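A short write-up of the structure that comes next.
The values are calculated or read from the model by the stated rules, or taken from the named source; none is laboratory data. Here the structure is a predicted model, which is why all the values come from computation and not from measurement. When we count neighbours, we look across all protein chains shown, and the Cβ atoms used for this are built from the backbone with ideal geometry, even at glycine. Just so you know, the surface numbers come from the protein's heavy atoms only, side chains and all, with ligands and any DNA or RNA stripped out. Shrake-Rupley method; radii C 1.70, N 1.55, O 1.52, S 1.80 Å.
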2 protein chains.
Amino acid sequence: MNLVFREARARDLKAIVAMLADDDLGRGRETPDDLEHYSLVFGQIEGDVRNAIVVAEQDGTVTGCLQITYITGLSRRGATRALVEGVRTAASARGQGVGEAMMRHAIEMARARRCTLVQLTSDKTRTRAHDFYRRLGFKMSHEGFKLDL
Amino acid sequence: MNLVFREARARDLKAIVAMLADDDLGRGRETPDDLEHYSLVFGQIEGDVRNAIVVAEQDGTVTGCLQITYITGLSRRGATRALVEGVRTAASARGQGVGEAMMRHAIEMARARRCTLVQLTSDKTRTRAHDFYRRLGFKMSHEGFKLDL
């Protein structure tokens with residue numbers, strides 16, 4: 001499998017938003033036919049050294065994405081943690097280990113930034129994802145709370 | 001109750017780290033007698049417009065703290081979310097509503113930054129905290145995963 005990981009570029013936006021939308025929970029939340037606002041936001045993310053969208057690419061096709069954000073705090077002796085959000089694999093590429101390889105890449109990115117912790121949350125309904133993260137060594141130690149504004 | 005909220009200043013560091021350490025989980029994780037590294041990290045947080053430590057102050061005494069980080073992503077139509085970490089109330093000030101008022105302040109900070117979501121995780125053993133967040137309107141909808149590096 002010729003699989004590479006790199007930071008997303010503006011031309012990947014359509015493929016990324018398509019992956020975010022092609023998901024049981026994302027379907028009602030995204031507007032893949034209207035990329036204007038995503039494009040504006042993508043520019044902000046590109047300008048932030050602590051925030052990145054990473055894509056998986058196979059033979060020129062984007063088949064996965066995730067967001068990684070490096071957050072420095074005081075707790076845990078002033079630790080920097082990596083927060084991972086929006087992990088998706090294209091439907092056409094599932095079952096090939098893309099998600100696992102992409103997460104391992106994200107963990108290495110976190111190590112390279114001297115993070116001492118990688119964290120993420122996953123909707124309680126995504127039980128297959130929970131098994132996936134546990135296989136990667138994550139501990140399901142926390143409850144995740146969300147408040148819509 | 002004369003309670004105000006403001007961004008932390010360097011002179012608050014000792015009180016903040018003392019609160020982080022005075023906690024069942026924080027006790028083994030913090031070094032309140034050695035602030036040098038916390039001080040360095042605090043400078044980095046002060047220099048980051050997307051990251052803040054907020055303190056509660058009552059009559060000149062710091063009685064609470066939390067960290068709020070604004071994270072822009074592509075998902076949810078390019079939403080910005082606020083992540084809250086390290087919520088603590090000083091032992092001497094518990095049961096007075098400091099934590100609730102501080103969280104309501106954080107939610108207003110998130111609104112002011114046009115966040116559409118506030119999120120946080122809480123260790124599964126902190127069942128009283130879970131009730132607290134639910135009373136504030138948070139939904140315990142996600143599993144929280146952590147990987148120590």
- In this structure, does B:R76 turn out to be under 30 Å from A:D48 (Cβ atoms) and at pLDDT below 95? yes
- Any chance you could count how many residues in the range B:113-149 are of a type in the set (S, T, N, Q) and under 16 Å from the mean Cα position of the chain (by Cα)? 3
- A:V41 free of Cβ contacts under 8 Å to residues at least 12 places away in the same chain, in contact with a helix residue (DSSP H, G or I) (Cβ under 7 Å, 6 or more places away or on another chain), farther than 30 Å from B:D23 by Cβ and of a type in the set (A, V, I, L, M): yes
- Query: If A:R94 passes every condition in (1) open to solvent by 10 Å² or more (accessible area, probe 1.4 Å); (2) at pLDDT 95 or above; (3) under 16 Å from the mean Cα position of the chain (by Cα) but one, which one does it miss?
  - Reply: (2)
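Can you find, within the range A:19-54, the residue that is farthest from A:V98 (Cα to Cα) among those that are more than 11 Å from chain B (Cβ to nearest Cβ) and open to solvent by less than 70 Å² (accessible area, probe 1.4 Å)?
Within the range A:19-54, the match that is farthest from A:V98 (Cα to Cα) is A:D22.
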- Query: Restricting attention to the range A:97-131, and to residues there that are more than 20 Å from A:I53 (Cα to Cα) and more than 10 Å from chain B (Cβ to nearest Cβ), which single residue is surrounded by the most Cβ atoms within 10 Å (Cβ to Cβ)?
  - Reply: A:D131
- Task: With respect to B:R6, determine if the residue is outside any strand (DSSP E or B) and not polar (S, T, N, Q).
- Result: no
- Message: I'd like to know if the range A:57-72 contains one or more residues that are under 30 Å from B:S39 (Cβ atoms) and more than 7 Å from chain B (Cβ to nearest Cβ).
- Response: yes
